1. Looking at segment 184-232 only, could you name the residues that are over 19 Å from ALA242 (Cβ atoms) and polar (S, T, N, Q)?
2. If I go through segment 202-218 residue by residue, how many of them are in contact (Cβ under 8 Å) with a residue 40 or more places away in the chain, over 15 Å from ILE258 (Cβ atoms) and in a helix (DSSP H, G or I)?
3. Does any residue in segment 298-324 that is of a type in the set (S, T, N, Q) come within less than 6 Å, Cβ to Cβ, of a residue that is at pLDDT 95 or above six or more places away or on a different chain, and which pairs are these?
4. Where residues in segment 287-326 are among the basic types (Lys, Arg) and under 20 Å from the mean Cα position of the chain (by Cα), which of them is nearest to the ligand (Cβ to nearest atom)?
5. Those residues that are among the basic types (Lys, Arg), closer than 22 Å to ALA213 by Cβ and in contact with an Asp or Glu (Cβ under 7 Å, 6 or more places away or on another chain), I need them from segment 137-177; list them, please.
6. Considering only segment 78-94, how many residues are surrounded by fewer than 18 Cβ atoms within 10 Å (Cβ to Cβ) and touching a helix residue (DSSP H, G or I) at 6+ places or on another chain (Cβ under 7 Å)?
7. Taking VAL141 and the conditions (1) touching a residue at least 12 places away in the same chain (Cβ under 8 Å); (2) in a helix (DSSP H, G or I), which numbered condition does it fall short on, given that it satisfies the others?
Amino acid sequence: MRTKAGLGETARAIVADAKGILAADETVSTITKRLTARGIESTADSRRAYRELLFSTPGIAGFIGGVILQDETIHQDSADGIPLANLLVRRGIIPGIKVDAGVRPLAGAPGESVTEGLDGLRERLEQYRELGARFAKWRAVFVIRDGRPSATCIHANAHALARYAALCQEQGLVPIVEPEVLMEGAHALERCEDVTGRVLQAVFTELFVARVALEGMLLKPNMITAGHGSARQASVEEVAEATLRVLTRHVPPAVPGIVFLSGGQDAALATEHLNAINALEGPKPWTLSFSFGRALQDEALEAWRGQREQVPAAQRAFLHRAWCDSAAVLGSYSAAMEGEAGIAPADSTLHTHH
Ligand code: 13P
């Protein structure tokens with residue numbers, strides 16, 4: 001199997017130098033919920049202003065190597081008329097794009113879903129590449145309940161992820177393969193470990209059958225935690241050990257990077273978990289980094305509140321969290337950093353327009 005020229009290079013560049021990914025690919029409906037929860041009206045322009053605030057944060061390119069955009073955003077321009085994808089490229093950040101069409105009920109598997117969006121995907125990938133995207137994302141979702149996820153659900157989603165990944169590589173885009181086992185439920189950590197292991201094994205089997213070059217992709221999994229509703233939450237150390245154990249068992253070393261989703265974890269806890277995983281002894285053949293949505297954005301969104309004069313405060317909050325998460329990639333994060341302002345490397349390409 002050959003890796004299409006450049007794909008491995010792009011995959012490695014996204015996570016080089018302890019950088020991670022900002023997932024800013026919330027659909028219009030999801031970002032609208034997050035904005036209105038903070039009293040911010042959701043319009044195409046307020047969504048543009050919010051994303052531009054994040055992307056133009058001074059110093060952020062030191063900690064963020066890639067940003068996942070969503071269809072509306074990749075078509076939008078900054079206040080200065082620069083396409084937002086180009087604004088990222090100018091700052092040395094690689095733009096990516098969410099390409100799945102969301103989850104639908106899976107026939108034959110009551111209460112479970114399959115991610116759709118394969119129809120016409122080749123043509124959409126071609127268009128997104130022209131708009132500047134260099135990687136893509138597709139998210140499959142698994143819920144833990146009695147008897148779930150079913151083998152039917154695991155197989156259908158793993159197969160779709162593999163077909164998506166193969167199409168991405170054909171079109172010269174690095175696929176981010178995201179099988180997310182949700183944190184909702186009252187299950188123990190051991191159950192999450194078992195389910196995630198089965199899901200990852202099925203995903204890599206399908207990727208192999210679909211002839212996906214593992215060197216030219218990134219995996220975006222959940223960490224291994226107890227369910228949100230569980231009375232016994234696992235310690236940071238337990239989460240780290242279980243997460244590394246599952247990845248060691250089920251993810252081939254040819255995969256250059258594993259970028260965790262945050263999945264609704266508190267921002268600082270997600271940082272602590274990532275740090276503990278990277279601080280563990282033992283072989284870690286992949287770069288272990290982050291592709292956080294909420295855990296990178298929540299504090300910034302809280303600080304912004306849709307107010308122009310709060311933009312610098314929101315950018316400081318975002319920079320601080322990204323700095324902490326990047327330190328966690330090195331295993332050098334400490335709780336003391338929470339009180340520090342963080343490093344803001346001089347960034348001459350900086351633009352803040354509001
Ligand atoms: P969270 O980090 O908020 O889970 O979002 C990451 C993501 O992209 C989910 O698809």
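The values are calculated or read from the model by the stated rules, or taken from the named source; none is laboratory data. Every value quoted in this text rests on a predicted model; they were computed, and no experiment measured them. Every residue, glycine among them, receives a Cβ derived from its backbone with ideal geometry; neighbour counts consider all protein chains shown.
1. THR205
2. Matching residues across segment 202-218 total 4.
3. GLN310/ALA303; GLN310/TRP304; GLN315/THR57
4. We begin by selecting, within segment 287-326, every residue among the basic types (Lys, Arg); these are 294, 305, 308, 316, 321.
Narrowing further to those that are under 20 Å from the mean Cα position of the chain (by Cα): 294, 321.
Details: ARG294: 3, ARG321: 12 Å.
Step by step, filter segment 287-326, then rank; the result is ARG294.
5. LYS137, ARG139
6. Residues meeting the conditions: 2.
7. VAL141 satisfies all of (1) touching a residue at least 12 places away in the same chain (Cβ under 8 Å); (2) in a helix (DSSP H, G or I) except (2).
Table: residues versus (1) under 20 Å from ILE14 (Cβ atoms); (2) part of a helix (DSSP H, G or I).
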{"site": "LEU87", "(1), (2)": "yes, yes"}
{"site": "GLY92", "(1), (2)": "yes, no"}
{"site": "ALA107", "(1), (2)": "no, no"}
{"site": "ARG122", "(1), (2)": "no, yes"}
